[in-house]
Every structure is written in C-alpha cells, then in structure tokens.
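Novice: The structure follows.
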Amino acid sequence: MSSESNNHSSTHSNEPQADAPERAPFSSEPLPLVHVGDPVLRQVCDDWDGSDTPELRELVERMVATMHDAPGVGVAAPQVGANLRLAVLEDLYEIPASFAEAREREKLELMVVLNPSYEPIGDRTATHYEGCLSMPGYTAAVERPADIRATWQDLDGNLHIRDLSGWQARIFQHETDHLAGIIYIDKAHIRSICTDENYAGLWAEPTPHEVREALQF
C-alpha cells in the first residue's frame with residue numbers, strides 16, 4: 001500500500017483556495033473472505049514500508065471486523081485480498097478447561113502485527129487440529145513448534161519481540177504463514193483431514209490421539 005504524498009505546492013494566486021474534501025469516516029464493515037484456489041493466497045506478500053495511512057488503519061479495522069464476524073482467531077491480509085504483510089489475531093473465546101489445558105490455550109489479546117516472523121525455541125512440538133477461514137468446511141492436524149519467538153511491528157512502527165507458547169504460538173504461526181503463501185493444509189498430516197461435521201461428531205477431543213490411531217497418521 002503506497003503512502004499518500006504530504007507535499008503541497010505553494011501558490012501566489014489571490015484566488016480563494018477550495019477546501020480539501022473531507023475523507024469519509026472509516027468503514028468497520030467485514031470484508032469478504034478469499035477462499036483456496038484464489039492465487040492471492042499463494043503469493044509472498046509485500047513488506048510494510050512503515051507508512052501509516054488512513055487506508056491502512058481502515059484495512060485493519062475491517063480485518064478485525066471480519067475476524068469477529070467469521071468468527072475466528074486470526075485473519076491475514078491476503079485472506080481479504082490485500083498484498084501486505086499484515087495480520088490481526090485475537091483469542092478470547094471460552095472453552096472447557098480440559099481442552100484449554102490439553103491444548104495450552106490461553107487467551108490472546110488483540111494483536112495487529114506487521115512484517116511478522118517467528119523462529120522455534122527448542123525442539124518441543126505439538127500436533128492439534130486446525131481450521132482456516134479460507135478453507136471452510138474442513139480441518140486437519142498440524143504439527144508445529146510449541147514454543148516460538150515472535151517478532152513484528154505495530155502500527156506506530158515499534159518493534160516487538162515476544163515468546164509465545166501453545167495455542168498462542170499456533171495462531172501466530174498460522175497467520176504468519178499466510179503471508180508467505182502457505183496455507184495450513186500444506187503442513188498438515190494429509191490422512192488427518194476431516195469435514196467439520198465428522199470432526200465434531202467423531203473426534204472432538206482435547207488431543208488428537210484417538211483420531212491419529214483411527215486415521216493412521
């Protein structure tokens with residue numbers, strides 16, 4: 001997203017100058033989600049150049065609205081058709097304590113991350129089922145690093161480095177992968193794929209041990 005020029009040419013005219021038109025208020029309406037098969041999901045997104053523009057702020061507002069409307073715990077810019085290394089994350093949903101403990105799922109406050117990256121901390125991994133708003137109707141098990149060091153910039157350009165574990169680390173990895181043209185299914189155990197209905201009816205357990213044995217992955 002290019003920045004708008006802040007340069008203003010001077011004038012020596014005595015004619016009155018027209019006022020610049022006021023910009024319409026930000027829209028906070030959800031955006032339509034892009035689904036698998038659209039090439040925008042397979043591109044490597046452009047880095048954010050540090051420009052803070054009204055258009056960027058509105059895009060963030062609408063991505064948050066899209067995430068809440070879905071509902072989901074994260075949306076990356078290419079999922080709404082934007083070629084920018086930007087994602088929004090938030091996980092404030094209530095889930096049973098047994099699931100939260102088994103999945104190391106702690107609440108995650110709203111995060112707006114620009115130019116995010118991550119690296120594993122140690123060798124610990126975890127395998128859990130994931131879904132994606134760009135691939136509705138299906139879920140699959142993905143093995144990921146359980147502990148990561150996440151790096152990103154906020155809208156003010158400040159650099160953040162934060163260690164994340166468990167489900168928070170999984171969300172950050174899932175959304176950051178989108179910005180490199182990677183969809184979770186690329187990393188999934190292919191034999192684990194379930195429809196949402198079959199997963200809910202057969203395998204909605206805190207961990208995927210039973211489904212791993214049944215589907216042999």
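Novice: Considering only the stretch 193-213, how many residues are touching a helix residue (DSSP H, G or I) at 6+ places or on another chain (Cβ under 6 Å) and either part of a helix (DSSP H, G or I) or crowded, with 20+ Cβ neighbours inside 10 Å (or both)?
Specialist: 2
Novice: Separate question: Working only within the stretch 108-144, note down all residues that are hydrophobic (A, V, I, L, M, F, W, C) and touching a strand residue (DSSP E or B) at 6+ places or on another chain (Cβ under 7 Å).
Specialist: Within the stretch 108-144, L108, L110, M111, V112, V113, L114, I121, A126, L133, A140, A141, V142 meet the criteria.
Novice: Just one of (1) touching a strand residue (DSSP E or B) at 6+ places or on another chain (Cβ under 7 Å); (2) of a type in the set (V, I, T); (3) not in a strand (DSSP E or B) trips up T151, so point out which.
Specialist: That leaves (3) as the condition not met.
Novice: Need pairs with beta-carbon distance below 9 Å; first residue on the phi > 0 side of the Ramachandran plot and within the stretch 56-82, second surrounded by fewer than 16 Cβ atoms within 10 Å (Cβ to Cβ); sequence gap 6+ or separate chains.
Specialist: Partner pairs satisfying both residue conditions: G81/P32; G81/D38.
Novice: Another question, if that's okay. Looking at this structure, is Q216 buried (at least 18 other Cβ atoms within 10 Å of the Cβ) and among the polar types (S, T, N, Q)?
Specialist: no
Novice: Just the residues that are part of a strand (DSSP E or B), more than 16 Å from the chain's Cα centre (by Cα) and either surrounded by fewer than 11 Cβ atoms within 10 Å (Cβ to Cβ) or free of Cβ contacts under 8 Å to residues at least 24 places away in the same chain (or both), please, taken from the stretch 88-125.
Specialist: E119, T125
Read the figures in this text as sums done on the coordinates, not as results from a lab. These numbers come from a predicted model, not from an experiment. No Cβ is skipped: glycine too gets one built from the backbone with ideal geometry, and neighbour counts run over all protein chains shown.
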